[in-house]
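One structure is given here, and the rest of the page talks about it.
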Amino acid sequence: TTYASSQLTPRTNSQEWPRARGDQQCEPSRPIHTRIFATKGKGTVTQPTESMESTERTTPNGLRTEITDNTQTGRFEASIDGHLVGWQPYRRYGNHIVLMRTEVDEQWRTQGISSAMIDGILGMIRITGATVIPRCKVAGDYIYRHPEYLDLVTEQYRALLQPISRPA
């Protein structure tokens, strides 16, 4: 669900440490600060005000890709040699991160950028202790094909994990 900005009332708060399975607490290197948007009877949408930092992945053809959490735009960004080549917008609902869609510049498609970007994003999310809601079909397909990330998706959202057809 997307909310118009006129429906959101921002206030700043600091979340507790993300919870792991059971009652154990994860201990990231620092708390995750968020801006909380109270919606009129529609739940709470939060956007991180402190970045999950960045990570690096290499595509199958050897392209070193830096994946960064850009909290100002609410998206993860993939760069090669400092040039933005792909991005994935997200929303945060409590301890869930909703991956909205995967976009890669046309000239970089078929280079493995989306897979490298999604793998890096899932790695960063794992470190925070958050879970994933893969609204993006490409991200859902990636998790479906890489079961090592299945634990990031709670049972109620696993139906979103489906293979998609790939270009020949």
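Observations, loosely collected:
- Residue list for segment 93-114, filter: buried (at least 20 other Cβ atoms within 10 Å of the Cβ) and either assigned to a helix (DSSP H, G or I) or among the aromatic types (Phe, Trp, Tyr) (or both): ILE113, SER114
- With respect to the stated conditions, GLN156 fails to be under 26 Å from HIS83 (Cα atoms), in a helix (DSSP H, G or I) and free of Cβ contacts under 8 Å to residues at least 40 places away in the same chain.
- Meets criteria (at negative phi, assigned to a helix (DSSP H, G or I), touching a Pro at 6+ places or on another chain (Cβ under 8 Å) and not acidic (Asp, Glu)) for ILE143: yes
- Restricting ILE80, ILE97, ILE67, ILE113 to residues that are within 15 Å of ILE133 (Cβ to Cβ), touching a Ser or Thr at 6+ places or on another chain (Cβ under 8 Å) and at pLDDT 95 or above narrows the list to ILE97.
- When ILE118 is tested against (1) modelled with pLDDT under 95; (2) out of contact with any strand residue (DSSP E or B) (no Cβ under 7 Å at 6 or more places or on another chain), only condition (1) is not met.
- Number of the exception - TYR90 against (1) surrounded by 19 or more Cβ atoms within 10 Å (Cβ to Cβ); (2) in contact with a Ser or Thr (Cβ under 9 Å, 6 or more places away or on another chain): (2)
- Selection within segment 51-82 - open to solvent by 60 Å² or more (accessible area, probe 1.4 Å), more than 14 Å from LEU122 (Cα to Cα) and either in a loop (DSSP other than H, G, I, E, B) or touching a residue at least 60 places away in the same chain (Cβ under 8 Å) (or both): PRO60, ASN61, GLN72, THR73, ASP81, GLY82
The values are calculated or read from the model by the stated rules, or taken from the named source; none is laboratory data. The structure displayed is predicted, hence computed values, not measured ones. In this analysis, Cβ positions are derived from the backbone assuming ideal geometry, glycine residues included, and neighbour counts consider all displayed protein chains. The protein model used for the area step is the full one, side chains on, heavy atoms only, and it has no ligands, DNA or RNA in it. Shrake-Rupley method; radii C 1.70, N 1.55, O 1.52, S 1.80 Å.
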